[in-house]
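Chemist: Just passing along the structure, written as structure tokens.
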Amino acid sequence: MQIVEEPFGSGIVVRPIGRLDSTTAPAAEQAIREAMTRSGHRLLLDMGDLDYVSSAGLRVVLAAAKQSNAASGRFLVCDLKPQVRQVFELSGFTRIISIVATRAEAEL
Amino acid sequence: MPAGEAGANRIELPAQPDSISRLWDWLAGRLGPIEPGPELSHAIRLCAEEIATNIVMHAYPGRADGTFAVGLEADPAADGAVRLSFEDWGIPFDPTAHAPAAAAGTVAEAEIGGLGIPLVRGFVQQMAYERHGAANRLTLVFARGAS
């Protein structure tokens with residue numbers, strides 16, 4: 001899996017490309033954890049290039065949200081594809097994670 | 001039949017993390033003739049990952065020689081419903097008895113873990129478990145045209 005990172009607002013946007021599953025989650029979790037720290041806990045996770053997220057991927061998202069929360073930071077997710085949104089909805093993540101439709105609507 | 005035989009209705013794999021991608025490759029080949037469409041393909045792939053990952057992580061504590069088997073078939077007698085079945089010979093585990101966790105109201109309350117089985121429940125029409133001798137047998141049924 002490739003992960004692209006760039007400055008965004010007062011923080012960082014991280015864009016994983018491909019699939020966030022049990023085979024790619026460990027590397028993604030580490031990359032996002034490090035980006036979160038570097039960003040001062042202000043991070044946007046752009047999921048526009050993710051075709052697939054399983055519970056292993058949900059754990060990565062939840063770990064990022066918890067890391068940001070613990071540091072009173074800001075964590076947003078944007079641009080969920082329909083099949084990824086369905087996984088978020090079934091898991092109750094749409095209720096507890098801050099999600100915006102597009103990167104343009106995200107403010108850090 | 002030899003493990004991993006191409007085109008077979010069933011594959012047997014070591015209960016090891018790298019079996020997940022081998023399972024996906026096998027499923028991709030098996031799904032072709034079933035023509036499930038993108039939504040059903042996604043549901044099957046996801047549920048296969050969730051159940052197989054649970055088996056790999058938890059079925060054989062302290063053992064490296066465990067295996068599991070997966071079968072996939074469409075049932076013409078049930079409007080082409082797709083049946084994904086798992087068998088392992090590890091510790092007894094009934095996912096259908098796994099009570100759904102209460103939905104967390106906040107990120108702080110949400111637990112990291114236990115997310116897979118509720119997700120599977122959301123995608124399948126039916127989920128059946130039996131302990132057969134030393135085997136755990138789990139069958140997931142996906143309705144055709146539903147996700």
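Chemist: Using Cα pairs closer than 8 Å and at least 6 residues apart in sequence, work out the relative contact order for chain A, in percent.
Modeler: 27
Chemist: Once phi is turned into ³J(HN,Hα) by the Karplus curve 6.51 cos²θ - 1.76 cosθ + 1.60 with θ = phi - 60°, what whole-Hz value does each residue of the range A:54-67 show in order, with x for glycine and proline?
Modeler: Coupling constants for the range A:54-67: 9, 4, 5, x, 4, 4, 5, 5, 5, 4, 5, 5, 5, 4 Hz.
Chemist: Next question. If the chain between residue B:78 and residue B:109 were fully stretched, how many nm would it gain, using 0.36 nm times the residue separation less the Cα-Cα distance?
Modeler: So the chain would gain 7.0 nm between residue B:78 and residue B:109.
Chemist: Under 8 Å for C-alpha pairs, at least 6 residues apart: give me the relative contact order for chain B, rounded to a whole percent.
Modeler: Details: 217 pairs, mean separation 37.9, N = 147.
Relative contact order for chain B comes out at 26 percent.
Chemist: Roll a 1.4 angstrom probe over the protein heavy atoms and tell me the percent of accessible area of the range B:10-142 that is carbon or sulfur.
Modeler: Details: 3370 of 6250 Å².
Roughly 54 percent of what the probe reaches on the range B:10-142 is carbon or sulfur.
Chemist: Using a simple charge model, +1 on the beta-carbon of Lys and Arg, -1 on the beta-carbon of Asp and Glu, nothing else, what dipole does chain B show about its Cα centre, in debye to the nearest 20?
Modeler: It comes to approximately 100 debye.
Chemist: Sticking with this structure for a sec: Pop the C-beta distance of residue B:97 and residue A:89 into the FRET formula with R0 = 22 Å and round what comes out to the nearest 0.05.
Modeler: According to the calculation, E is roughly 0.35.
Chemist: Turning to a different aspect of this structure: Can you give me the Cα centroid spacing of the range B:74-133 and the range A:39-68 in angstrom?
Modeler: Value for the Cα centre distance between the two parts: 24 Å.
Chemist: Of the accessible area of the range A:50-108, with the probe set at 1.4 angstrom, what percent is carbon plus sulfur?
Modeler: Answer for the range A:50-108: carbon and sulfur cover 42 percent of the accessible area.
Chemist: Determine the dipole magnitude for the protein assembly as shown: charges of +1 sit on the beta-carbon of Lys and Arg, -1 on that of Asp and Glu, nothing else is charged, the reference point is the Cα centre, and the result goes in debye to the nearest 20.
Modeler: 440
Chemist: Taking each residue of A:84-95 in turn, how many C-beta atoms of other protein chains fall within 10 Å of its C-beta, and what is the average?
Modeler: 4
Chemist: So if R0 is 51 Å, what FRET efficiency would residue A:101 and residue B:9 give, r being the distance between their Cβ atoms, rounded to the nearest 0.05?
Modeler: So, using R0 = 51 Å, E works out to roughly 0.75.
Chemist: Evaluate peptide B:107-119: per residue, the Cβ atoms of other protein chains within 10 Å of its Cβ; return the mean as an integer.
Modeler: If you average over the peptide's residues, the count of other-chain Cβ atoms is 6.
Chemist: Nearest 500 deg cm²/dmol is fine: what mean residue ellipticity at 222 nm does chain B get from its DSSP H runs of n ≥ 4 alone, each adding -39,500 (n - 2.57), divided by its residue count?
Modeler: -9000 deg cm²/dmol
Chemist: Right, next: Nearest 100 Å², what total accessible surface is buried between chain B and chain A (probe 1.4 Å)?
Modeler: Buried surface at the B/A interface: approximately 2000 Å².
Chemist: Taking the Cβ-Cβ separation of residue A:2 and residue A:66 as r and a Förster radius of 25 Å, what is the calculated FRET efficiency to the nearest 0.05?
Modeler: Working: r = 25 Å, r/R0 = 0.99.
So the FRET efficiency works out to roughly 0.50.
Chemist: So, one more: How much accessible surface does residue A:29 have with a 1.4 Å probe, in Å² rounded to 10?
Modeler: That residue has around 60 Å² of solvent-accessible surface.
Chemist: Probe of 1.4 angstrom, ligands and nucleic acids ignored: what's the accessible area per residue over chain B, in square angstrom?
Modeler: Here the per-residue accessible area is 49 Å².
Chemist: Further question: What residues does the range B:59-105 have that are buried by at least 10 Å² of accessible area in the full protein assembly compared to the chain on its own, 1.4 angstrom probe?
Modeler: By number: B:103, B:104, B:105.
Chemist: Right, next: Have a look at the DSSP beta bridges in the range A:1-96 and tell me what percent are antiparallel, nearest 5.
Modeler: 40
Chemist: How would A:1, A:36 rank on accessible area, largest to smallest, probe 1.4 Å?
Modeler: So, going from the largest accessible area down, we get A:1, A:36.
The values are calculated or read from the model by the stated rules, or taken from the named source; none is laboratory data. Everything numeric here is computed off the predicted structure, so don't read it as measured data. So basically every Cβ, Gly included, is an ideal-geometry build from the backbone, and we count neighbours across all protein chains shown. Just the protein is used for accessible areas: all its heavy atoms, side chains included, with ligands, DNA and RNA removed. Shrake-Rupley method; radii C 1.70, N 1.55, O 1.52, S 1.80 Å.
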